[in-house]
Every structure is written in structure tokens, then in C-alpha cells.
Amino acid sequence: MTYYFGIDGGGSKTTCAVGDETSLLATVTVGPSNITRVGEAQARESLLEAARQGCAAAGIDARQVRRACVGAAGAGREEVAKVIRKIVAEVITGEIVVVGDMPIALEAAFGAGSGVIVIAGTGSFAYGRDPQGKTARAGGWGFAISDEGSAHWIGLRAVREALRTADKSTTMPVLLEQLMQIRRDGSFDEFVRAVNSNPDFATFFPAVVSTADAGDATARQVLIEAGRELADLAAIVAGKLFPNPESPIPLAMAGGVFRYAPLVRETFYNQVCSLLHSVALNTEIVEPVHGALQMARLGRR
């Protein structure tokens, strides 16, 4: 029997899907493997653990894997792809294809077809393909200068807005209290020092969502702005690829921000409809790892 591996290496988690020619046999999730964010040592640990757990969960030997496709941020650069390929080769003896995170997301959403997908996880970007095969992207230029609407962006914006609210108030804002509990730094001053030392702002995302769900106006506004930012990315790519659409533009979503923040999804859809007028939105959250698995099966790069 021949088996295939698909791996989606992200900034918060790494997902591995194992399948044969037609069926999904197992899916496992381990720690982050984005080399740019977590470094080569952590990426190596996560990628190897994902491959080993994937084999164990599927009940197969790694030597039975014919081809693996790994999609990871930054892997469009050969120096990054080379490192990832070398790591995965410690477990997988078959062919190893390494691509960026954009192609596997597009494959998962549309196969060989056309459309626009917006990813909002730890980072964010929009990517699309037209019927003639032309591709375009927007966003995703890194957490320090881009990644609008991502979990990192939401966490950073929430801290800024919570501190601004605190400046105007005589009491501690609810959102700020929740963010401080995530960090567990103790005092307000310790929290301020910590968030100025470049922490992982994406870890604040769940607290922003729960606080927004409880009705906090500041948290809700941050999530609404995230939805609008993501819609803008979609509109930019759609404008490049479908300037005069004759039918609704296929649109898909992927990533934890869309999955866990209904307010972001709602705002995103409403804003996209106002910007593009004619879209066909897939309301299911796409799993890019399924695209990686399919690319492994087909030998696509």
C-alpha cells in the first residue's frame, strides 16, 4: 500500500494528515514549526514529532510513505525549504516536496480551480488564482509590519486599545484585566514591561474573543476591525484577478481567527459583500493541510 503525507507548518501549530490514494487515515497536531517565528530547533522538534505521530496514528511505517508535501510560511525561499526538507527526511524516506503556505491553502479550497482564499491564523494573507492560472496575493508580509487581522494583530491591537481605555478611565478595563491574566505578570507595571519585550501577541486572541462574547465594547471593536482588514485583503486580490467578474467570485476562509471568532467572520462577509458585490463564500473553514495531502498525492509543487 502507498501512503502520502501532508503537513501544514504554522506559527502556533503543525498539522499532519496521512492518507492513501483516496482516504484520509489520520490527522495529528503538535507545536509550531514556522522557522521565522520559533527558530530552527523548535521547528525541527515539531516537524519530526508531527511525522512520527502521523505514522503512529495511521498505523503505518514511515518507509511506506511515497511522497510528503510540506507547506510552511517562508518556504517559498529555497534556503528555508532546504532546511525543512532536510528535517523531514530524517523520518520520511520518500519524495519530499516543500512549498509555501499559500499553495496548500488554495489547493484545499479550490483544487485546480480559481478563487480567493483568506488565511487568518497566527499570521494572515489573501491569495488567489484566476481561470487562466494567474495568481496574486496581499498581506502576509510578517507580524511586525503586516499580517492584518491575524491573531497576532488582534492581540497587539487589543493591548493598545485596552491601555488607551485605561488612560481614559479611573478603573481597570475588563479587557485589560483579561489580558493581564493571560500573561500572569502580576502588577500592571510588570504587564507593560512584558508586552514591550515583543511577546507572542497571538496568545491574547482567545481572551479577546471571550471578552467580546461577554459584550466588552473594546474587544468587539478590535474583532470588527480585524474582519474589515481581512475583507480588504480579499478585495485587493479579487480586484487583481477578477476585475470584471461574469459570475460570483469563489471565496474561502481558513485559520483559527475565522474558526473561533464569529464576529470576525460576520464582519468579513458583510465587508466583502460591500466591496465586491458578487461573491460565493464557502462558509466551511478550510483546512490547508488537506491541500498539502492532495498535493502530495498528485505530485504538485
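The values are calculated or read from the model by the stated rules, or taken from the named source; none is laboratory data. In this text the structure is predicted, and so the values were computed from the model without any measurement. Cβ sites come from the backbone with ideal geometry, for glycine too, and all protein chains shown count toward neighbours.
The conditions of being in contact with a helix residue (DSSP H, G or I) (Cβ under 8 Å, 6 or more places away or on another chain) and either of a type outside the set (D, E) or assigned to a helix (DSSP H, G or I) (or both) are not met by T170.
Among the residues of the range 72-127, just one is assigned to a strand (DSSP E or B), over 20 Å from L230 (Cβ atoms) and small (G, A, S), namely A72. Look at the range 25-37: where a residue is in contact (Cβ under 8 Å) with a residue 60 or more places away in the chain and a partner is part of a strand (DSSP E or B), sitting 6+ places away or on another chain with Cβ atoms under 6 Å, you get T27/A17. Of all residues in the range 38-49, those that are farther than 21 Å from E78 by Cβ and in contact (Cβ under 8 Å) with a residue 40 or more places away in the chain total 1. The single condition among (1) over 15 Å from V289 (Cα atoms); (2) touching a residue at least 12 places away in the same chain (Cβ under 8 Å) that G133 does not satisfy is (2). From the list F110, F205, the lone residue that is within 20 Å of the chain's Cα centre (by Cα), farther than 27 Å from V80 by Cα and crowded, with 19+ Cβ neighbours inside 10 Å is F205. The criterion of at least 1 residues that are in contact with a strand residue (DSSP E or B) (Cβ under 7 Å, 6 or more places away or on another chain) and either under 29 Å from V98 (Cα atoms) or polar (S, T, N, Q) (or both) is met, among helices (runs of 4 or more DSSP H) falling completely within the range 185-297, by 217-241, 256-260.
Would you be able to tell me the number of residues in the range 182-203 that are touching a residue at least 12 places away in the same chain (Cβ under 8 Å) and closer than 21 Å to V257 by Cβ? The number of residues fulfilling the criteria is 8.
Within the range 259-279, the set of residues being closer than 15 Å to E225 by Cβ and touching a Phe, Trp or Tyr at 6+ places or on another chain (Cβ under 9 Å) comprises A261, V264, R265, F268. Filtered by the rule that a residue be of a type in the set (A, V, I, L, M) and part of a loop (DSSP other than H, G, I, E, B), the range 57-71 gives a lone residue, I60. Restricting A235, A252, A292 to those that are touching a Gly at 6+ places or on another chain (Cβ under 6 Å) and not assigned by TED's automatic domain parsing to the domain that holds T93 reduces the list to A292.
For the subset of the range 235-278 comprising residues that are touching a helix residue (DSSP H, G or I) at 6+ places or on another chain (Cβ under 9 Å) and of a type in the set (S, T, Y), which member is surrounded by the fewest Cβ atoms within 10 Å (Cβ to Cβ)? Once the filter is applied, the top-ranked residue is S274. Within the range 1-32, the set of residues being at pLDDT below 95, within 20 Å of G123 (Cβ to Cβ) and of a type in the set (S, T, N, Q) comprises just one member, S12.
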